[in-house]
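Trainee: Below is one structure. I have some questions about it.
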Amino acid sequence: MDVPFVIAGAGIAGLALAAGLQRTETAMPYLLLDERPELGSAGGAITLWPNAMVALDEIGVGDDVRRAGHALGAGTIRTRTGRVLRSLDLERSAAVLGGPLVAVRRGDLVEILHDRIKPGSVRLGVAVRGYRQDEDVVQVVTDGDPVAAVALVGADGYRSEVARVLDPGLPERYAGFPAWRGIADTGGLEPVQLWGSRQEFGVVPLGDGAAYWFATVREPAGGTAESELAHLRTAFSGWPNPVQQVLDATAPAAVSRNDVMDRALPRRWTDGRVVVIGDAAHAMRPHLGQGGCQALIDAAVLARLLRQADSPAAAFTAFEKMRRAPARRVVSLSRAAGRAIDAPAGLHRVSQLLPDPLMLRTLAKIGGTGAYPW
């Protein structure tokens, strides 16, 4: 058996990379290792910006995702009292960004990507704990027997063990708030974000009588609530619809909670025949909706470089050179956006001073089709 190209992590980044590699008839043998007992993705849904849709087109699944997802229309940003801070025009934003944003259930995206890779190429219940390498192979360290690999891609999330071998002192700290996400069985809604004093609630329609929502509240890490849904009902008591509407239409089991962490970028992304992508390389706050989008761009770019380069090591070096600076910029901007939203409510009106055309041009540089490298 040929020594495989190993991808640590079978989430969105890892599956997208494998799907990109599979586009050629002579695709190198690859193996995805994931510690979870089954495929899936917590978080309910994801909003894909036009830059991510270009990446999915590059991978070959863009049209499948468009059919499974829901193109978003015009939206608003409001205060917790319902006052409109900003209203976005659908046609103008799509023209500047290069297309609409698409909301899709994470499970559907995972299934679409998984269907494009070689059957039997995902090994579940295998946690990657690091690596060792010599001149011939990379020994992927697991909880069981090591796996010999021609190269290793760490697509294993912000707690990446591969990244922590690349940078053993990689620091992280709690950002000050968790992020809750859920799916509500209610339709007929428009995209909206509501900002309060150190609180945020956003709603994204998914079509077919469902909506995805997300929320942040400044509070200690860990969480002790018996019911996260009941906790949110209390935290957002008195907020206008659609907040109460979607919470009332959400099942407790459909709610996830994750403490938001600010983790530094590893000092290096590559080590010979080892590289990290996605959150393993550039974990970011969720406020610009770019975490998954940047992971998909990483996967598409790296898949193309691997098809073109003479060796995995050469592709990895080119990848870090191409992607590190843009990703670092999005990490910084996501953190700045988080600080702005987390500000006292009285400061939110300052956002109205930024003209719509300037705001859209700024967003286009982050998430528009022109933000894709090719």
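The values are calculated or read from the model by the stated rules, or taken from the named source; none is laboratory data. No experiment lies behind these values; they were computed from the predicted model shown. Here the Cβ is made from the backbone with ideal geometry for all residues, glycine too, and neighbour counts use every protein chain on show. Protein only, heavy atoms only, side chains kept; ligands, DNA and RNA dropped before computing areas. Shrake-Rupley method; radii C 1.70, N 1.55, O 1.52, S 1.80 Å.
Trainee: Over the stretch 268-374, what portion of Cα pair distances is larger than 25 Å, expressed as a whole percent?
Mentor: Within the stretch 268-374, distances greater than 25 Å cover 31 percent of Cα pairs.
Trainee: Spelling out what I want: for every residue of the stretch 93-101, take phi, set θ = phi - 60°, compute 6.51 cos²θ - 1.76 cosθ + 1.60 (Karplus), and round to whole Hz; glycine and proline get x.
Mentor: 5, 5, 5, 6, 7, x, x, x, 7
Trainee: Name the residues whose placed amide hydrogens come within less than 5 Å of the amide hydrogen of Tyr131, ignoring near sequence neighbours (fewer than 5 apart) on the same chain.
Mentor: Here Val141 satisfy the definition.
Trainee: Given a 1.4 Å probe and every protein chain left where it sits, what share in percent of the accessible area of the chain is carbon and sulfur?
Mentor: Percent of accessible area from carbon and sulfur atoms in the chain: 50.
Trainee: Against the longest principal axis of the chain, how steep is helix 12-21, in degrees 0 to 90 to the nearest 10, with axes from Cα atoms?
Mentor: It is inclined by approximately 50 degrees.
Trainee: Something else: Given the Cα-Cα distance of Arg307 and Val3 and 0.36 nm per residue of separation, how much length would full extension add, in nm?
Mentor: Full extension from Arg307 to Val3 adds 107.7 nm.
Trainee: Once the Cβ-Cβ distance between Ala221 and Thr362 is put in as r, and R0 is 45 Å, what FRET efficiency do you end up with, to the nearest 0.05?
Mentor: Approximately 0.90, to the nearest 0.05.
Trainee: Restricting everything to alpha-carbon atoms, can you work out Rg to Rh for the chain with a Kirkwood hydrodynamic radius?
Mentor: A ratio of 0.97.
Trainee: A follow-up question, please. So how strong a dipole does the stretch 1-154 carry about its Cα centre when Lys and Arg Cβ are +1 and Asp and Glu Cβ are -1, to the nearest 20 debye?
Mentor: For the stretch 1-154, the charge dipole is close to 1060 debye.
Trainee: Continuing with this model, one more query. Given the peptides 289-302, 141-154, arrange them by the average over their residues of other C-beta atoms within 10 Å, most packed first.
Mentor: Descending packing order for the listed peptides: 289-302, 141-154.
Trainee: Where nothing but the Cβ of Lys and Arg (+1) and of Asp and Glu (-1) is charged, how large is the charge dipole of the chain around its Cα centre, in debye to the nearest 20?
Mentor: For this selection, approximately 1420 debye.
Trainee: Report the full-extension gain for the segment Thr369 to Arg339: residue separation times 0.36 nm, less the Cα-Cα distance, to one decimal in nm.
Mentor: Between Thr369 and Arg339, full extension yields an extra 8.2 nm.
Trainee: Find how much the distance from Val350 to Asp143 grows on full extension, using 0.36 nm per residue of separation minus their present alpha carbon separation; answer in nm with one decimal.
Mentor: That works out to 69.4 nm of additional length.
Trainee: Roughly what angle does helix 356-367 make with the longest principal axis of the chain, taking Cα atoms, 0 to 90 degrees, to the nearest 10?
Mentor: Value to nearest ten degrees: 20.
Trainee: For the pair Asp115 and Ala325, how long in nm is the line joining their label points, each one 7 Å along Cα→Cβ?
Mentor: Going by the 7 Å Cα→Cβ label model, 4.0 nm.
Trainee: Now for a separate question. For the chain, what is the accessible area per residue in Å², given a 1.4 Å probe and the full set of protein chains?
Mentor: 43 Å²
Trainee: Additional query: Largest first, what is the accessible-area ranking of Phe214, Phe236 with a 1.4 Å probe?
Mentor: Most to least solvent-accessible, the answer reads Phe214, Phe236.
Trainee: Taking the 0 to 90 degree range and rounding to the nearest ten, how far is the long axis of helix 291-308 tilted relative to the main principal axis of the chain, both from C-alpha atoms?
Mentor: On a 0 to 90 degree scale, this one is about 30.
Trainee: Lys/Arg Cβ at +1, Asp/Glu Cβ at -1, dipole of the stretch 74-205 taken about the Cα centre: which of Leu189, Ala163, Val141 is farthest positive-ward?
Mentor: Leu189
Trainee: Can you tell me the dipole magnitude for the stretch 221-374 around its Cα centre, using point charges on the Cβ only (Lys, Arg +1; Asp, Glu -1), in Debye to the nearest 20?
Mentor: Dipole about the Cα centre, nearest 20: 720 debye.
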